[in-house]
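The values are calculated or read from the model by the stated rules, or taken from the named source; none is laboratory data. Only a predicted model underlies this, so the values are computations on that prediction, with no experimental measurement involved. When we count neighbours, we look across all protein chains shown, and the Cβ atoms used for this are built from the backbone with ideal geometry, even at glycine.
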Amino acid sequence: MNRQEFEARNREEWQSFEADLEIAEKGKAGPGEVSLPSRFRKICYDLSLAQYRMFGHQICDRLNGLAIRGYRLIHRKRGGFGEATVDFVLRTFPQTVRREWRLFALVSLVFWLPFFVMWGLGEREIQWVQAFLGAEQMASIEQMYGKDSDTAEHLREEHGSNFMMFAFYIQNNVGIDFRIFAGGIFFGIGTLFYLLFNGLYFGAVIAYVEYVGEPELLWSFVAGHSSFELLGFLVVGMAGLKIGLALLSPGQLSRAEALSKAGREALPLLIGGAAMTVLAAVVEGFWSAQAVATKLKYAVGITFWLLHGFYFTSVGRGTAWSLRK
Amino acid sequence: MSVAEQRIDTLQRVELAEGIEIHLRAAGPFLRLVAYLIDLLVELALLAVLGLIINVAFPVLGENVGQAFYLLAVFVIWWFYHVIFELSPWGATVGKRAFGMRVVNEAGGAVTMGQSMIRNFIRGVECVLPFVPLIAFFNPRFQRLGDLAAGSLVVYSRPRKDPIVPGPPPLNAIPVNVTLTREEEAAILSFRYRSGSWSAARQVELANHLSGLTGETGPKGVTRVLGMAHWLEEQR
């Protein structure tokens, strides 16, 4: 059979396959839908025949295109979003964090060590903290947490300001999360910088508020969302370091392969950490600045920290969810 | 068509579970950069339009609510413009679509949301040092770092616009009296189907390589190769 015969014999079949493919790609049900898989197999057969016999690039390209589109259509994944989310929250995410406990220890060290150093330093020599924050930051901290200010509560009287702050925290904090992750591509240096810098910054803010302001204002404001925000931040840091470490020490793999593997493994950390930061924005926007008793705010904050401890140490250990897979 | 082991094109051969080998045409960095710049313009246009709508609606919503919506829009467009479009049935952003490109996984299928997030988030940092994306030039699939981390690549999804211009119809069929391999036969046939777009000098140059088979050089050799192609295809 030469090229012309081959083409003449199959032309109609290819045309009708393409037409039905177009209908199915638009998500509509056509009359030819049921037979698509078997006709896809025929296309695959025709493609390998045309490739083997070298029937020229026009036929091969056409069949190649049809095969790719058919493959995409038949192997597409649809739906299952709800189930996948439940599975992620109850199994994949806490399990991944536990599996990467070494990374968690590392990012915690890189964050908390400068945090406490800066805080401790501020109690001895406040100049360090003042030099780190700069005049502008100091002024805004004094305005928010100064001796006789309750701006946070005051502002919230206005219509829609909770929602405004929520949107701001999403835009700012989740964006920082994504940068922390992406910074890992420079051998982890970007990620480490963000962790270290934020550790120093938070430590400095606390030290400075203790020095000039009313610490209770600060503590009662951050208590509610601190667990979501700090842990989410650290988890995203783990994802970034995962990428960076894959480039630094790829082990037996090539650097490109190690990077691809690390990307797959870091994904739950990125998504989970970002989701925690979104939750932090909800709490920070709609709860943290509400005028309620300070004791209640502390209680809620501690409860959230305990729940996080329980979530990351215990959830997803049982077998109930592994039955399905 | 897989002809020789040493390949000089950008086709990526991928074997599917169906037992076939498909060819993905990887898209190069130059046009992808242009596509990215187009996308940047689209993003700015989207933000401008949204800003306008919010400005018009904000007496109704209140200043804070309007500003909140704008911040959320900035967030979504800045971080998820590429992700949303790559997950759509197009599989490509507006800029990539303009060039017939598509973002796919390494088997040519659609990317997942996670893959798309990884490849697009890393781009922002990659561009901090502008030479980093140039790594794509040294990768056979033109993958930049974000693509490597996500396991994705950018391919052309439309067929090549490479018109067939056959050579002049041969006057006579010339039998080939040696046994040809598949590759040799395909080469002679594609000479016939593509020679119409070459200059006469180029045709002669290529046909001269076959002088061992045709026994002629120069324009006569070209005629003989065309005749042999005719025989291979029609007369045998």
Here are some residues: B:P89, B:P59. Which one is within 14 Å of chain A (Cβ to nearest Cβ) and out of contact with any helix residue (DSSP H, G or I) (no Cβ under 8 Å at 6 or more places or on another chain)? B:P59
Flagged in the stretch B:49-72 as polar (S, T, N, Q) and under 16 Å from A:G285 (Cβ atoms), in numbering order, are B:N64, B:Q67
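Go over the candidates B:E184, B:E216 one by one and state the one that is part of a helix (DSSP H, G or I), without any contact (Cβ under 8 Å) to a residue 40 or more places away in the chain, surrounded by 11 or more Cβ atoms within 10 Å (Cβ to Cβ) and more than 8 Å from every other protein chain (Cβ to nearest Cβ). Give the derivation first.
Details: B:E216 fails: part of a helix (DSSP H, G or I).
Exactly one residue qualifies, and that residue is B:E184.
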Residues of the stretch A:282-325 satisfying the condition of being modelled with pLDDT under 85, closer than 22 Å to A:T85 by Cβ and out of contact with any helix residue (DSSP H, G or I) (no Cβ under 7 Å at 6 or more places or on another chain): A:R317, A:G318, A:T319, A:A320, A:S322, A:L323, A:R324, A:K325
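Take A:N198 and decide whether it is facing chain B (nearest Cβ under 10 Å), at pLDDT below 95 and assigned to a helix (DSSP H, G or I).
Values: facing chain B (nearest Cβ under 10 Å): no; at pLDDT below 95: yes; assigned to a helix (DSSP H, G or I): yes.
No; evaluated as a whole, the condition is false for this residue.
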Residues of the stretch B:68-86 being within 11 Å of chain A (Cβ to nearest Cβ) and of a type in the set (S, T, Y), which ones? B:Y70
I want to confirm something. Restricting to the stretch B:108-120 and keeping residues that are in contact with a Phe, Trp or Tyr (Cβ under 9 Å, 6 or more places away or on another chain) and facing chain A (nearest Cβ under 8 Å), which single residue is surrounded by the fewest Cβ atoms within 10 Å (Cβ to Cβ)? B:G109
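Have a look at A:G70, A:G27, A:G65 and point out the one that is farther than 12 Å from B:I20 by Cα and loosely packed, with under 15 Cβ neighbours inside 10 Å. Step through it out loud before you land on a result.
Values: A:G70 fails: loosely packed, with under 15 Cβ neighbours inside 10 Å; A:G65 fails: loosely packed, with under 15 Cβ neighbours inside 10 Å.
Going through A:G70, A:G27, A:G65 in turn, just one is farther than 12 Å from B:I20 by Cα and loosely packed, with under 15 Cβ neighbours inside 10 Å: A:G27.
State the number of residues belonging to the stretch A:116-149 that are outside any helix (DSSP H, G or I) and over 27 Å from A:A289 (Cβ atoms). Write out each step before concluding.
Of the stretch A:116-149, the ones outside any helix (DSSP H, G or I) are A:125, A:146-149.
Still in the list and also over 27 Å from A:A289 (Cβ atoms): A:125.
Here the count works out to 1.
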B:R97: buried (at least 23 other Cβ atoms within 10 Å of the Cβ) and not assigned by TED's automatic domain parsing to the domain that holds B:N208, yes or no? no
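Just the residues that are loosely packed, with under 13 Cβ neighbours inside 10 Å and part of a helix (DSSP H, G or I), please, taken from the stretch B:194-204.
If we filter the stretch B:194-204 for residues that are loosely packed, with under 13 Cβ neighbours inside 10 Å, which is where we start, we get B:199-202.
Listed by number, the residues that qualify are B:A200, B:A201, B:R202.
Under the condition of being in contact with a strand residue (DSSP E or B) (Cβ under 7 Å, 6 or more places away or on another chain) and assigned to a loop (DSSP other than H, G, I, E, B), which residue from the stretch B:124-159 is farthest from the other protein chains (Cβ to nearest Cβ)?
To start, the set of residues in the stretch B:124-159 that are in contact with a strand residue (DSSP E or B) (Cβ under 7 Å, 6 or more places away or on another chain) comprises B:141-143, B:147, B:151-157.
Filter once more, so that each one left must be assigned to a loop (DSSP other than H, G, I, E, B): B:141-143, B:151, B:157.
Working: B:R141: 10, B:F142: 13, B:Q143: 8, B:G151: 5, B:S157: 8 Å.
Looking at residues that are in contact with a strand residue (DSSP E or B) (Cβ under 7 Å, 6 or more places away or on another chain) and assigned to a loop (DSSP other than H, G, I, E, B), I get B:F142.
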Going through the stretch A:236-261 one residue at a time, which ones are farther than 15 Å from A:L106 by Cβ and surrounded by 16 or more Cβ atoms within 10 Å (Cβ to Cβ)? A:L247, A:P250, A:A256, A:A258, A:L259, A:S260, A:K261
Count, please, the residues in the stretch B:187-213 that happen to be touching a Lys or Arg at 6+ places or on another chain (Cβ under 9 Å) and without any contact (Cβ under 8 Å) to a residue 24 or more places away in the chain. 2
With the structure loaded, tell me whether A:E284 is surrounded by 14 or more Cβ atoms within 10 Å (Cβ to Cβ), of a type in the set (D, E) and within 22 Å of A:L230 (Cα to Cα) or whether it fails that test. yes
